[in-house]
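Q: Quick one: the structure is below, and I'll ask about it shortly.
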Amino acid sequence: MTLDEDAETTVDGARRENDSNGQNSHHDGKERLLVQEKGHTGEGRREQREGRSHDTLFRKRSCCKRGVFFLFVLAPFVFFLFESYRGHLSSTATRKEKETLTTAKIESLSRKNAEITTRSARDEETLTAKVIADLSRKNEKMTPRRSARASFSEMINDNVKDVRATRVKEIGDVEGSLLVVPTNDEYMGKYMLESGKVWEEHVLSRMLDYVRVNSNVVDVGANYGSYSVYFSKKVGRGGTVTSFEPQPYLNRICSTNLVLNDIQNVKLEQTSLGHAEITTEMSSKLSDGASRSQDFQTALDESKLINYGGRQIGVGGESITMKTLDSFKITNLSLLKVDAEGSEPLVSWGAKETIAREKPVIFGEDKQKLPLAALNAMKVKDEVRRFDVRKWAVEELGYTVLVPNGWTIDFILLPP
């Protein structure tokens, strides 16, 4: 081998070695690059995982903060809203309950009003029946006949002539009343229309002092009912007033006044009280006042002044019934007022049993006397004619007698 061939061989070997080394180096570089890339990729993932963990932790902390904020800030507001809503529900329920109660009260009041209306209508029918009964009596001049269908107001218009209403004031704790009175009543009616007070208010006031609440009162000689109305209000719903007025004309006016004042605890009787149960008559002649000795019916038709309260039982007038007070069996009697224009001995005789049993306070008169013709027509016995209720009450029952000065009432009997 020549030197040139040896050299060429050496060069080729060096080249091959370099090529081999270059290939290896290139391969090693790729491997290192791949390893580096792989290493870079792993670190990125770890960083990503760490970043995600950090984000998750941040979000958890944010949620916790929001929870704390809600708990301390928003929770009271929500609680307030809840309580407000619950209060609204409660108020709605309460309002519904109130509406239910109000409806129940209205229904109750409606029922009571219906009962009162029915009772008032029943009372008015009773009063109308009394007026119709009056019209069917024998006294054709005093009470002209009408159809049974005639209304109460028509009866009043036709049979209560020349009347006027006036309001009288209260007496003590008893409220005032609206009363109808005859315009030609010489004393009582005239005084009431001019003064706005009841006749002898001081006497009525004294009577009311003895009237017990929830007791019974008897008004003998009720006239047009001025005292009865006040008695009614004093005894109240638990008490009763039994009023007696035999004169048909005054009885109708008294009935009118009871209706005007919605009085439902007064029993009005168109009968006189006396010693026995009989049929008798009113006097045809007036015994007192400006029209004294004149015919009652004539004076009434001509609207002359009449002292209606001064008419007596007699002969020739309207036919009336007489009963004893004992026949009514009245109990719990606190006051007995007797203004019977001369019939007081007869009234007291027929009330002896009631007075002895109940021992009421008694207001009475004894100055006037019945005409002998009336006593004879009724066949009144001597012991009845001479009966003195004051002496009997004091000696037999232990009563005390008071004699007022200047009153139309002559005596007051106070029980032991």
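Q: Being closer than 22 Å to GLU341 by Cβ and either surrounded by 23 or more Cβ atoms within 10 Å (Cβ to Cβ) or of a type in the set (Gly, Ala, Ser) (or both) narrows it down to one of GLY176, GLY225, so name that one.
A: GLY225
Q: Ok, one more. What do you reckon, is ARG311 surrounded by 21 or more Cβ atoms within 10 Å (Cβ to Cβ) and farther than 22 Å from GLU358 by Cα?
A: So ARG311 fits the description; yes.
Q: I would also like to ask the following. Could you look through region 185-201, keep only residues that are surrounded by fewer than 21 Cβ atoms within 10 Å (Cβ to Cβ) and touching a residue at least 60 places away in the same chain (Cβ under 8 Å), and pick out the one that is farthest from VAL338 (Cα to Cα)?
A: GLU186
Q: Any residue that is free of Cβ contacts under 8 Å to residues at least 60 places away in the same chain, at positive phi and in contact with a strand residue (DSSP E or B) (Cβ under 9 Å, 6 or more places away or on another chain) - is there at least one of those in region 350-358?
A: The answer is no; no qualifying residue exists.
Q: Go through region 241-285 and count every residue that is in a strand (DSSP E or B) and of a type in the set (D, E, K, R).
A: Counting residues in region 241-285 that are in a strand (DSSP E or B) and of a type in the set (D, E, K, R) gives 4.
Q: Follow-up. Could you check how many residues of region 286-301 are at negative phi and either in a loop (DSSP other than H, G, I, E, B) or of a type in the set (Ser, Thr, Tyr) (or both)?
A: Adding up the residues that qualify gives 8.
Q: Is there any pair linking a residue in region 248-275 that is at positive phi to one that is among the small types (Gly, Ala, Ser) and modelled with pLDDT under 90, with Cβ under 9 Å and at least six apart or on different chains, and which?
A: From region 248-275, the pairs are ASP262/SER120.
Q: THR271 - would you say it is β-branched (Val, Ile, Thr) and under 22 Å from the mean Cα position of the chain (by Cα)?
A: no
Q: Does region 302-322 include one or more residues that are without any contact (Cβ under 8 Å) to a residue 12 or more places away in the chain and either over 26 Å from MET378 (Cα atoms) or out of contact with any Cys (no Cβ under 9 Å at 6 or more places or on another chain) (or both)?
A: Within region 302-322 (the criterion being without any contact (Cβ under 8 Å) to a residue 12 or more places away in the chain and either over 26 Å from MET378 (Cα atoms) or out of contact with any Cys (no Cβ under 9 Å at 6 or more places or on another chain) (or both)), the answer is yes, since at least one residue qualifies.
Q: For region 193-249, how many residues meet the condition of being of a type in the set (D, E, K, R) and farther than 16 Å from ILE362 by Cβ?
A: Looking only at that region, the number is 8.
Q: Within region 158-180, how many residues turn out to be modelled with pLDDT of 80 or more and at positive phi?
A: Final tally of qualifying residues: 1.
Q: Only one of (1) in a loop (DSSP other than H, G, I, E, B); (2) over 21 Å from the mean Cα position of the chain (by Cα) fails for VAL217. Which number is that?
A: Here VAL217 meets the rest and fails (1).
Q: How many residues, within region 325-350, are more than 31 Å from the chain's Cα centre (by Cα) and aliphatic (A, V, I, L, M)?
A: Within region 325-350, residues that are more than 31 Å from the chain's Cα centre (by Cα) and aliphatic (A, V, I, L, M) number 5.
Q: What strands (runs of 3 or more DSSP E), lying completely within region 338-416, carry at least 1 residues that are surrounded by 18 or more Cβ atoms within 10 Å (Cβ to Cβ)?
A: 361-364, 411-414
Q: Okay, next question. Give the residues of region 302-337 that are part of a loop (DSSP other than H, G, I, E, B), closer than 21 Å to MET282 by Cβ and among the charged types (D, E, K, R), sorted by residue number.
A: GLU302, LYS304, ARG311
Q: Look through PHE244, PHE231 and report the one residue that is over 21 Å from SER283 (Cα atoms) and crowded, with 24+ Cβ neighbours inside 10 Å.
A: PHE231
Q: Continuing with the same structure: Only one of (1) farther than 28 Å from ASP295 by Cα; (2) free of Cβ contacts under 8 Å to residues at least 24 places away in the same chain; (3) charged (D, E, K, R) fails for ASP388. Which number is that?
A: With respect to (1) farther than 28 Å from ASP295 by Cα; (2) free of Cβ contacts under 8 Å to residues at least 24 places away in the same chain; (3) charged (D, E, K, R), ASP388 is out only on (2).
The values are calculated or read from the model by the stated rules, or taken from the named source; none is laboratory data. Since we're looking at a predicted model, the values are computed, not measured. Glycine gets a Cβ as well: all are built from the backbone with ideal geometry, and neighbour counts include every protein chain shown.
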